[in-house]
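Beneath this line is the structure, given in structure tokens, with notes to follow.
The values are calculated or read from the model by the stated rules, or taken from the named source; none is laboratory data. Remember, predicted model here, so these are calculated numbers, not experimental data. Every residue, glycine among them, receives a Cβ derived from its backbone with ideal geometry; neighbour counts consider all protein chains shown. Quick note on the areas: whole protein, heavy atoms, side chains included, nothing else; ligands and nucleic acids left out. Shrake-Rupley method; radii C 1.70, N 1.55, O 1.52, S 1.80 Å.
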Amino acid sequence: MPSVSVSRFSLRPWVACALFLSVVVVPAHAQNWGTVQGTVTETPDGLPVPGVTILVEGTNYGTASGEEGRYRLRIPVGRYAFRFSAIGYATRTDSVVVRRGETTQLDVTLSTSVLEMDDLVVEGEETAEAGVYTLDPDVIRAIPAPFNDGFRALKVVPGVASNNEMSYQFSVRGGGYNENLIFVNGFEVYMPFRPRQGEQEGLGLVNPDLADRLTLYTGGFSARYGGKLSSALLVDYRRPEEEPLRGAAALSTLDASFNAGSSLWNNRVGWQLGVRKARARRFFSTQELQGNYQPDYTDVQGLVSVRLAPGHEVEALGIWADHEFRLDPRSRQTYFGTISTDPNTPSNLQGLWVNFSDDSDRADGYASRFGGVRVSNRLTDRLRAVHDVSYFQTDETEFFDIRGQAVLYQVDPAAGDPDTGAGFIRNGNASMQDFADNRVQVDTWTAQGRWIWTADRHSVEGGWLARSLRFEDDLNERGVVVGRGLDGGIERVVVDSLTDAATLQSTQAALYAEHVIDAAPTRDRLVVTSGLRLDYFDFNGEWTLSPRVMARYRLTTETTLSGSLGLYHQAPTYRELRGVPVPGETILGALNRDLRSQRSLQAVIGMEHFFTQKRLYLRSEVYAKHLSRLISYNVDNVRIEYSGENDADGYTYGLDVQLRGELVPGIESWINYGFMVANEDVLAGFETPQTQGANPRPMDQRHTFSMFMQDYVPTDPTWKIHLRTLFGSGFPYTPPIPGERLGGLTLQVPGDRLSARYTSYRRVDMGVSKEIVMTENGPTGPITLTLTGEVLNIFNMVNTVAYAWVPNNDGIWQRIPTRLTPRTVNVRVRMAF
């Protein structure tokens, strides 16, 4: 018999999955169904209108009219409102009663609406460009995940890679965590600067309860957005207009939230408020590192919009977030290696037991403060101006004093109860002392403006940006390795020691211009967006110019082609400028004032086809990036360490495919697959024997697969099932090799750069929800209660996010996996009003 790897995997979850899938794939035709059919025509000529989207109001269930304007839709019996919409026509809603086994005729006539077409061409935000994907907040709330978080929901978007369910960091098409722009209602917000592990990050600064939609540009974003290489995430918060008080309160075993909003004063004022709280102690304590976990994440956000006069509006957004992660570590037991059932093949099972001292402590946290005000003015029928100013501050603290004794064992799996130490042969030991008391504060002021001029089939936009950044950094950290040398004596070696403080101020500025044209004789057939962006960074005196062009061509009513080509620059910020100070070097001395912006020339070509009768979209995209002046970096868990030099060039290419739509009638689901190659070459002058030739980039995840499926019980649609599946081949890492020998102890140094890979990331999360209408006549409308039960990591799959290294008695360093969370059960209740 062959050897098998040790994991928590057992056969029973697969049996449960088979039973679950047998339920999921049952067609929802057991209800009493009828048919609605008809023809869509236009006024005044009565000509048929093809490609009209026909949806049941309030759902994604529907169809589209064919070439002769005809449509046909099977639907359960009942009364419905059908919504008919098409580009260039005024939307119309008609009601219909569906009876069992009968066909109901519903013909509609649409009137043309030139204004709608003008608005579409002007803003250019509703068109499906290359590399653009959207998520609805209702879908985000349905995705089973540890936290109800907008960032974590992106992990089921094509082109997005992740290997850590505790982190909301994400990589887009081979880019680093720091290569993503994030905008909330047009205001830029930032990720934390110095987390080491995912659980320290808390809640991301996107509250899905306040959002209207999330749009992720995985490539090819316009000149309006600049400064990053990989992606732009646009989060649009809902602006209550002509609506009474509405909101929701939610509670789970991991977090809680409340949100509310309404319009006031004859709909001239709209407001929203959202509060979130998470104390996921039980979730984090499922890890192999045991101790007293005390996470405490709090987030408050508010939005107010005031219509001063027709066409003139003031909007304010505020965010206050305070995230603290505390841990008193106690012990850790990790088993790794292989167990063999073949008597001719010996087992190689090992165990690492770590006991931490009573005074070991860890306290990490970050506080974010944001405030922004925007003024929008429609100066004429064709000219609009938007100006805003915002302030963003993040204050991150990191304290830990960890002292532990690690013992490495060779384990005989047949010797008895492992908790008693039976069958354990001591094979090495080491002590580790880590201390840090670090703080970084970043203050960012931003002012920007843009003007938009529209014509019948043109839109011209220009804008400017000015930004001031201030960084205050305090470093005080050291690490000590204590182990037994080859001569049998105890060796104590200080492996790093950094103590310094520094302040850095810098400014950035930008100008851009953009032109959108509806270029074909037929409206909305060919839309081309071209733009040019000019950026300036005062720290290194650098100017960069970024031309970009995007196009969308509607080949037929069902098939759309898209493409983009552009040059993107990412100016170095404090993390890249600082690099990794060496012992004895000051922070300011480590800053590289000759560091230039990283550069990416990107091309994307995509195709989308809509299967009318199935209500399914098939979308595929190929992309390629030529990368230059890269600042190489390493990733340990979620911590990024930059080299501080433009020391590499590289390239990325890949393919993303998505099947999305009503795999089950009336409910949206999707399946994604991605293939990608991301490589880099260290430039001459920076090469070492360990970095020669082409190496994978740190986020080179060759294969990704994700799926989000929804279904409902055929006889009772208020019962729904939600399934999320994630797979990603392993990220690369740099294995250590023996380095300097101090006394009898041999230290580690980096080996061949990114020459090894972590194991694949695999995870399946499932949720079941029941919706109850408590009353149809609440104070401001219906009140509903949704009960949800979730099994996170239902198959108890073992995932590794990092490795630690401990020497055995022979002085050989053993690789110890740092594993992520096992199976966890979560229960949610949400009341919406």
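In the set GLY404, GLY423, GLY372, only one residue is more than 35 Å from the chain's Cα centre (by Cα) and either at positive phi or in contact (Cβ under 8 Å) with a residue 12 or more places away in the chain (or both); that residue is GLY423. On the given criteria, is TYR574 open to solvent by 20 Å² or more (accessible area, probe 1.4 Å) and either aromatic (Phe, Trp, Tyr) or in contact with a helix residue (DSSP H, G or I) (Cβ under 8 Å, 6 or more places away or on another chain) (or both)? Here the answer is no, as TYR574 does not meet what is asked. Taken as a whole, the structure places TYR409 among residues that are open to solvent by 20 Å² or more (accessible area, probe 1.4 Å), in contact with a Leu (Cβ under 8 Å, 6 or more places away or on another chain) and among the hydroxyl-bearing types (Ser, Thr, Tyr).
Screening the candidates ARG213, ARG196, ARG141, ARG224 for the property of being in a strand (DSSP E or B), open to solvent by 10 Å² or more (accessible area, probe 1.4 Å) and of a type in the set (D, E, K, R) yields one hit, ARG213. Right, ALA624: open to solvent by less than 20 Å² (accessible area, probe 1.4 Å), part of a strand (DSSP E or B), touching a Ser or Thr at 6+ places or on another chain (Cβ under 8 Å) and of a type outside the set (Phe, Trp, Tyr) or not? When the stated conditions are applied, ALA624 does not pass them.
Determine, yes or no, whether GLY202 is in a loop (DSSP other than H, G, I, E, B), modelled with pLDDT under 90 and open to solvent by less than 10 Å² (accessible area, probe 1.4 Å). Spelling it out, GLY202 is indeed in a loop (DSSP other than H, G, I, E, B), modelled with pLDDT under 90 and open to solvent by less than 10 Å² (accessible area, probe 1.4 Å).
Given the condition among the charged types (D, E, K, R) and surrounded by fewer than 19 Cβ atoms within 10 Å (Cβ to Cβ), answer yes or no: does some residue in the range 718-727 qualify? No, the conditions are met nowhere in the range 718-727.
Residue count for the range 146-156, restricted to those that are more than 8 Å from the chain's Cα centre (by Cα) and open to solvent by 10 Å² or more (accessible area, probe 1.4 Å): 1. Taken over the range 512-527, the criterion of being acidic (Asp, Glu) and over 16 Å from THR557 (Cα atoms) is satisfied by GLU514, ASP518.
Yes or no: TRP451 at pLDDT 95 or above, open to solvent by 50 Å² or more (accessible area, probe 1.4 Å), in contact with a Ser or Thr (Cβ under 8 Å, 6 or more places away or on another chain) and not small (Gly, Ala, Ser)? No. Consider ARG762 carefully, then state whether it is in contact with a strand residue (DSSP E or B) (Cβ under 6 Å, 6 or more places away or on another chain), among the charged types (D, E, K, R) and open to solvent by 40 Å² or more (accessible area, probe 1.4 Å). It is true that ARG762 is in contact with a strand residue (DSSP E or B) (Cβ under 6 Å, 6 or more places away or on another chain), among the charged types (D, E, K, R) and open to solvent by 40 Å² or more (accessible area, probe 1.4 Å).
Each residue in the range 241-250 was checked for being within 26 Å of ASN266 (Cβ to Cβ), in contact (Cβ under 8 Å) with a residue 40 or more places away in the chain and open to solvent by less than 40 Å² (accessible area, probe 1.4 Å), and 2 of them qualify. For beta carbons closer than 7 Å, sequence separation of 6+ or different chains, a first residue in the range 769-793 that is more than 24 Å from LEU726 (Cα to Cα) and among the hydrophobic types (A, V, I, L, M, F, W, C) and a second that is at pLDDT below 95 and not in a strand (DSSP E or B), the qualifying pairs are ILE783/PHE833.
In summary, GLY566 fulfils each of the numbered conditions (1) part of a strand (DSSP E or B); (2) open to solvent by 20 Å² or more (accessible area, probe 1.4 Å); (3) not charged (D, E, K, R) with the single exception of condition (2). Could you please find all residues in the range 723-778 being of a type in the set (Asp, Glu) and at pLDDT below 90? Residues satisfying the conditions are GLU740, GLU776. Here TYR633 passes the criteria (1) open to solvent by less than 70 Å² (accessible area, probe 1.4 Å); (2) under 22 Å from the mean Cα position of the chain (by Cα); (3) farther than 30 Å from TYR536 by Cβ except the one numbered (3).
Would you please name the residue that is nearest to THR800 (Cα to Cα), looking only at residues in the range 759-773 that are of a type in the set (Ser, Thr, Tyr) and touching a Ser or Thr at 6+ places or on another chain (Cβ under 7 Å)? Per the stated criteria, the residue is THR759.
Residue-wise test of (1) within 30 Å of ILE816 (Cα to Cα); (2) in contact with a His (Cβ under 8 Å, 6 or more places away or on another chain).
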position: ARG268; (1), (2): no, no
position: ARG279; (1), (2): yes, no
position: PHE284; (1), (2): yes, no
position: GLN290; (1), (2): yes, no
position: TYR293; (1), (2): yes, no
position: ASP296; (1), (2): yes, yes
position: VAL300; (1), (2): no, no
position: ARG307; (1), (2): no, no
position: HIS312; (1), (2): no, no
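Applying the criterion of being among the aliphatic types (A, V, I, L, M) and assigned to a strand (DSSP E or B) to the residues of the range 270-287, the residue that is farthest from TRP320 (Cα to Cα) is ALA278.
Among residues that are in contact (Cβ under 8 Å) with a residue 12 or more places away in the chain and open to solvent by 10 Å² or more (accessible area, probe 1.4 Å), ASN164 is not included. When each of ASN267, ASN292 is tested for being in a strand (DSSP E or B), over 22 Å from PHE183 (Cβ atoms) and open to solvent by 30 Å² or more (accessible area, probe 1.4 Å), the lone residue that passes is ASN292.
Residues in the range 594-639 that are in contact with a helix residue (DSSP H, G or I) (Cβ under 7 Å, 6 or more places away or on another chain) and within 19 Å of GLN690 (Cβ to Cβ): ILE631 only. Could you please let me know if TYR512 is touching a Leu at 6+ places or on another chain (Cβ under 9 Å) and open to solvent by 60 Å² or more (accessible area, probe 1.4 Å)? Considered against the rule, which asks whether it is touching a Leu at 6+ places or on another chain (Cβ under 9 Å) and open to solvent by 60 Å² or more (accessible area, probe 1.4 Å), TYR512 comes out as no. When every residue of the range 691-705 is checked against the conditions, none turns out to be open to solvent by less than 20 Å² (accessible area, probe 1.4 Å), farther than 18 Å from ARG173 by Cα and either part of a strand (DSSP E or B) or touching a helix residue (DSSP H, G or I) at 6+ places or on another chain (Cβ under 6 Å) (or both).
Checked against (1) in a loop (DSSP other than H, G, I, E, B); (2) touching a strand residue (DSSP E or B) at 6+ places or on another chain (Cβ under 9 Å); (3) crowded, with 23+ Cβ neighbours inside 10 Å, ALA232 meets all criteria but (1). In this structure, ALA406 does not satisfy being at pLDDT below 95 and in a loop (DSSP other than H, G, I, E, B). ARG596 meets all of the listed conditions (1) open to solvent by less than 20 Å² (accessible area, probe 1.4 Å); (2) part of a loop (DSSP other than H, G, I, E, B) but one, namely (1). For the residues LEU498, LEU526, the requirement of being open to solvent by 10 Å² or more (accessible area, probe 1.4 Å), farther than 30 Å from VAL375 by Cα, among the aliphatic types (A, V, I, L, M) and modelled with pLDDT under 85 singles out LEU498.
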